[in-house]
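The values are calculated or read from the model by the stated rules, or taken from the named source; none is laboratory data. As the structure is a computational prediction, the values presented were derived from the model and not from experiment. Here Cβ is always computed from backbone atoms with ideal geometry, including for glycine, and neighbour counts include all displayed protein chains.
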Amino acid sequence: MKAIETKNLKKHFDGVYAVDDLSIKIEKGTITSIIGPNGSGKTTLINTLSGMLEMDGGLVVIEESQKLTKIKPHETPAFGITRTFQTIRLFEQMTVLDNILVVLTERQVFKAIFDKHTNYHLKIAEELLKKVNLWEKKNDLAVNLSYGQRKLLEIVRALAMKAEIYLFDEPFAGLFPEMRKIVVSVMEELKKEGKTIILIEHDMGLIRELSDYVFVMDSGKLLAEGKPEEVLKRKEVIEAYLGD
Amino acid sequence: MDYLIHLLILFAIYAILSLSLNLVMGYTGLLSVTHAAFFGIGAYATGILMAHAGFGFFTSLIIGIVLSGILSFIIGAILSRLSGDYFVLGTIGLNYLVLAVFTNWYDLTRGPLGIAGIPKPSLFGVSFFQNNYFLILSLAFLVITFFISRFIVNSSFGRALKAIREDQKTLQVFGYNIFSYKLAIFTISGALAAIGGSLFASYITFINPASFDVMQSVFILAIVVLGGLGNLKGSLLGALILVAFPEFLRFIGFPSEIAAQTRQAIYGLLLVVLMLYRPQGLIGKYKL
Amino acid sequence: MDIIPQIIVNSLIAGSIYSLVTLGFNLVYGATRFVNMVPGVLAAIGGYTVYYLFNQLGSNLYLSIIAGILIAGIFGYLSDHLVFRKLRRNKASNLVSFVASLGIFTMLQAVISILFTSQFQSILDVTQSPTTYEIFGATFTWIQGLIFITAIVAFIGLALVLKKTGFGKAVRAVSDDEEVSKIIGINTDKIISWIFFIGSCLAGLSGIFIGFDTGIRPTMGLVIVLEGATASIIGGIGNIYGGFLGAFLLGFVENFGILKISGEWKPAISFGLLVLFLLFKPEGIMNKKK
């Protein structure tokens, strides 16, 4: 079953197409990597799929049933989508714990006024934060954590959404090896649970190790696709990177 | 002693105003320079209904809260699509518009002449004419406002407000309709400010448009910024300091005609100094 | 229908005054990117300097005007030197700079009130009937004519400076991207100081003209800033040409608007326009949508 699929997806900025007629299919329960030189449109694709940018054309299909020509950002959780960001976007002047609690508690405005987090929420937050060794820092402000800790916090915030489809934008960038291992194990665990992961990455070693499938983008278009070892050998792919 | 009671009543009124503004500015991160408009609606509602239509204080208070809530809902709806600089400009413009209504809708508000002879409240036959009774009433409302604010701030809604302040675009992706949150808090804030307005009208017994201009909004903003954004106790502290100060000036013999302007010069300077050296204010939890 | 020419003339005068404000406003906004309230009080400073020197001390009118412009310019320069430059160094947000500008505005306005009382003053003696001219059935005074000519000259002068001179190129570079300008060796602090000085002189001049045309009071600054901001946003914020266009558009809309609505509601027209543009066309008429 295709967890998510794009058909002729388009996104342009002042006439320049960052995502140009892109049609890709992501199989459920897999880890799919999107790679390509800088400016090829990978982050724009993620931004469009998560509703942060408006689609200019084409279709997005969720679980082979929901056909979307418009994605509103606050509706994406209902479609089972969540994400992390290339440039970290945490709630900086809030505590680590609050960063997690805010995605666990009631969303509806009127209910939220009379809602307060419960022990149940705290337990979930504890379990998640312990996975990345951040539970002791739960009362620290997000802005005061180290770079690696902030990246891990973002990942855990996404995990707290209990989504079906995870969009990770360069989650490994700038992480030390020990932290990378944690992120890898998080992703492998998600895969075991049958979740779908779309990964933007530059590290070819990680791509080979983790991905079930790879899409290569260049100038907004799909350049190549296939299994990692095979795609990474192709001439056009290597040229696209070298020509960058 | 009488003087102290007078100061405390003014403190209570401005504390209510700054608490309600802090909800919007300190917790939600919206720089609003129109709070005096909601203050004014509460004051005029009470003034008109009590002095011209014979309503009781508590009835006119409730009507004032509702009217102010409606106005802040409308203003909030208009402005919530704007961000940053444009939001601020919009609030100033709207404050000015509301002021124009107070000044020009002569039939209702008697324009620049203002409304005089606003009576003091009475409840079950007990009149609050005496200032110490009025003080108790004011403090009671302050306590109510404080607890409502605290309840909101400690709720899941309150946490979401802080996240809106930090990064509203990101919060959307996690399932929050930020427009309805911003609109809700703006409405609540405006409604609470009206309480201060009603108390003000009844205490001073005379109101005119001059009390509700943009400079008044700036004064309330200065209280919030001084006390500290994102800390309710900070609003109390800020109100205490900025209300007591000019009265202190008058006490040590400053000529009263320029006491008000001196206060204005001081809190203007204070804003500059705070922005340069301590943007989180005295005990704030958040920097602009 | 005979009043139409008069309304047109009034619109042109109003537009001229607004355009002096917007020229300064856009010049400074282009380089600093935050809404600055200080020009409002600088207009008051300009007007009150002339009032003090000319009306109270009896000095020469033209020297007083030059003094008024320069003093406003100096205060504006100081606001940058003492406050805004430090905030830029601290990488303060736009809102912090706005609040600081609000503080300066509030403080200076209060000081003017203390020194000159809150009363409304006129600079020129209204009992002396000024020389009037007639055009197509509308009358205007020589002062009003001067205002119009000054606005055109200021606009053309500024546009030429920006386009043709080395200084103008530096200004445009800094407005485009301060970081990059620093890298290519432009002393951005100095350029911004000059931008503040020039913009502030223009603000002071607008206050002086308002003083001639109607009068001055310490609180005149707020309306000036709002009208200036409205005109700038209508025309396209940060854009000199847009500001000029927006200023005259605003002048026309206001003056034709009061045909239907009574004069006291004039601010309501401008701020209604402001809100409409902020909501539906925030980039203004001459800017491209971002």
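Among the residues of segment B:169-183, those that are within 18 Å of B:L79 (Cα to Cα) and more than 7 Å from chain A (Cβ to nearest Cβ) comprise B:I178, B:F179, B:K182, B:L183. Set side by side, the residues B:A265, B:A260 differ, and just one is out of contact with any helix residue (DSSP H, G or I) (no Cβ under 6 Å at 6 or more places or on another chain), within 14 Å of chain C (Cβ to nearest Cβ) and of a type in the set (G, A, S), which is B:A260. Selection of helices (runs of 4 or more DSSP H) fully inside segment C:147-261 by the criterion of at least 1 residues being within 13 Å of C:T22 (Cα to Cα) returns C:188-213, C:220-235, C:240-260. Of the residues examined, B:A222 is one that is more than 23 Å from B:I74 (Cβ to Cβ) and either within 9 Å of chain A (Cβ to nearest Cβ) or in contact with a Leu (Cβ under 8 Å, 6 or more places away or on another chain) (or both). Taking (1) out of contact with any Gly (no Cβ under 9 Å at 6 or more places or on another chain); (2) touching a residue at least 12 places away in the same chain (Cβ under 8 Å) in turn, C:I261 satisfies each apart from (2).
Are any of the residues in segment A:97-104 part of a loop (DSSP other than H, G, I, E, B), more than 8 Å from chain B (Cβ to nearest Cβ), surrounded by 15 or more Cβ atoms within 10 Å (Cβ to Cβ) and in contact (Cβ under 8 Å) with a residue 12 or more places away in the chain? Scanning segment A:97-104, I find no residue that is part of a loop (DSSP other than H, G, I, E, B), more than 8 Å from chain B (Cβ to nearest Cβ), surrounded by 15 or more Cβ atoms within 10 Å (Cβ to Cβ) and in contact (Cβ under 8 Å) with a residue 12 or more places away in the chain, so the answer is no. The criterion of at least 3 residues that are in contact with a helix residue (DSSP H, G or I) (Cβ under 7 Å, 6 or more places away or on another chain) and of a type outside the set (D, E, K, R) is met, among helices (runs of 4 or more DSSP H) falling completely within segment C:41-120, by C:61-78, C:94-116.
Can you tell me which residue in segment A:44-68 is surrounded by the most Cβ atoms within 10 Å (Cβ to Cβ), limited to those that are of a type outside the set (A, V, I, L, M, F, W, C) and touching a strand residue (DSSP E or B) at 6+ places or on another chain (Cβ under 6 Å)? My answer is A:T48.
If you go through segment A:172-207 and pick out every residue that is surrounded by fewer than 15 Cβ atoms within 10 Å (Cβ to Cβ) and part of a helix (DSSP H, G or I), you end up with 9. Looking only at residues of segment B:109-168 that are among the hydroxyl-bearing types (S, T, Y) and within 14 Å of chain A (Cβ to nearest Cβ), we find that the one that is farthest from B:F55 (Cα to Cα) is B:S156. Among the residues of segment B:84-100, is there at least one that is polar (S, T, N, Q), touching a residue at least 40 places away in the same chain (Cβ under 8 Å) and within 30 Å of C:I237 (Cβ to Cβ)? Yes, because at least one residue in segment B:84-100 is polar (S, T, N, Q), touching a residue at least 40 places away in the same chain (Cβ under 8 Å) and within 30 Å of C:I237 (Cβ to Cβ).
With respect to the conditions (1) more than 18 Å from the chain's Cα centre (by Cα); (2) within 30 Å of A:G39 (Cβ to Cβ); (3) part of a helix (DSSP H, G or I), A:Q149 lacks only one, and its number is (1). In segment C:104-123, of all residues being over 13 Å from B:L276 (Cα atoms) and aliphatic (A, V, I, L, M), the one that is surrounded by the fewest Cβ atoms within 10 Å (Cβ to Cβ) corresponds to C:L115.
Filtering C:V35, C:V9, C:V41 for residues that are within 28 Å of C:I156 (Cβ to Cβ), buried (at least 24 other Cβ atoms within 10 Å of the Cβ) and at pLDDT below 90 leaves a single hit, C:V35. Restricting attention to segment C:96-114, the residues being touching a Phe, Trp or Tyr at 6+ places or on another chain (Cβ under 8 Å), over 13 Å from B:I266 (Cα atoms) and not small (G, A, S) number 2.
Scanning segment A:56-73 for residues that are within 18 Å of the chain's Cα centre (by Cα) and assigned to a loop (DSSP other than H, G, I, E, B) turns up A:E63, A:I71, A:K72. One residue stands out in segment A:74-96 among those that are among the polar types (S, T, N, Q) and over 24 Å from A:I198 (Cα atoms): the one that is farthest from the other protein chains (Cβ to nearest Cβ), namely A:T95. Counting only residues that are more than 7 Å from chain C (Cβ to nearest Cβ), surrounded by fewer than 23 Cβ atoms within 10 Å (Cβ to Cβ) and closer than 12 Å to C:L274 by Cα, segment B:65-90 holds 1 of them.
With respect to the conditions (1) assigned to a helix (DSSP H, G or I); (2) under 19 Å from the mean Cα position of the chain (by Cα); (3) surrounded by 20 or more Cβ atoms within 10 Å (Cβ to Cβ), C:L278 falls short on a single one, namely (2). Looking for something in contact with a Leu (Cβ under 9 Å, 6 or more places away or on another chain) and of a type in the set (V, I, T) - is there at least one such residue anywhere in segment C:179-192? No, that holds for no residue. Of the set (1) within 13 Å of chain B (Cβ to nearest Cβ); (2) within 14 Å of C:A14 (Cα to Cα); (3) buried (at least 17 other Cβ atoms within 10 Å of the Cβ), all apply to C:I258 but (3).
This table checks each residue for (1) of a type in the set (A, V, I, L, M); (2) assigned to a strand (DSSP E or B); (3) surrounded by fewer than 16 Cβ atoms within 10 Å (Cβ to Cβ).
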| site | (1), (2), (3) |
| --- | --- |
| A:I4 | yes, yes, no |
| A:K7 | no, yes, yes |
| A:K10 | no, yes, no |
| A:V19 | yes, yes, no |
| A:I24 | yes, yes, no |
| A:G29 | no, no, no |
| A:S33 | no, yes, no |
| A:N38 | no, no, yes |
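Could you run through segment B:254-286 and say how many residues are under 26 Å from B:G29 (Cα atoms) and assigned to a helix (DSSP H, G or I)? Residues flagged as under 26 Å from B:G29 (Cα atoms) and assigned to a helix (DSSP H, G or I) within segment B:254-286 amount to 14.
Run down A:G80, A:G58, A:G51 and say which single residue is modelled with pLDDT of 90 or more and touching a Pro at 6+ places or on another chain (Cβ under 6 Å).
Details: A:G80 fails: touching a Pro at 6+ places or on another chain (Cβ under 6 Å); A:G58 fails: touching a Pro at 6+ places or on another chain (Cβ under 6 Å).
None of the others qualify; the one that does is A:G51.
Somewhere in segment C:164-172, is a residue surrounded by 23 or more Cβ atoms within 10 Å (Cβ to Cβ) and either within 14 Å of chain B (Cβ to nearest Cβ) or touching a residue at least 12 places away in the same chain (Cβ under 8 Å) (or both)? Yes, that holds for at least one residue.
The single condition among (1) modelled with pLDDT of 95 or more; (2) within 25 Å of A:K162 (Cα to Cα) that B:R165 does not satisfy is (1).
The condition (being among the polar types (S, T, N, Q) and in contact (Cβ under 8 Å) with a residue 24 or more places away in the chain) is satisfied by just one residue among C:T131, C:T139: C:T139. Any residue that is surrounded by fewer than 22 Cβ atoms within 10 Å (Cβ to Cβ), more than 7 Å from every other protein chain (Cβ to nearest Cβ) and in contact (Cβ under 8 Å) with a residue 12 or more places away in the chain - is there at least one of those in segment C:87-103? So far as segment C:87-103 goes, yes, one or more of its residues are surrounded by fewer than 22 Cβ atoms within 10 Å (Cβ to Cβ), more than 7 Å from every other protein chain (Cβ to nearest Cβ) and in contact (Cβ under 8 Å) with a residue 12 or more places away in the chain.
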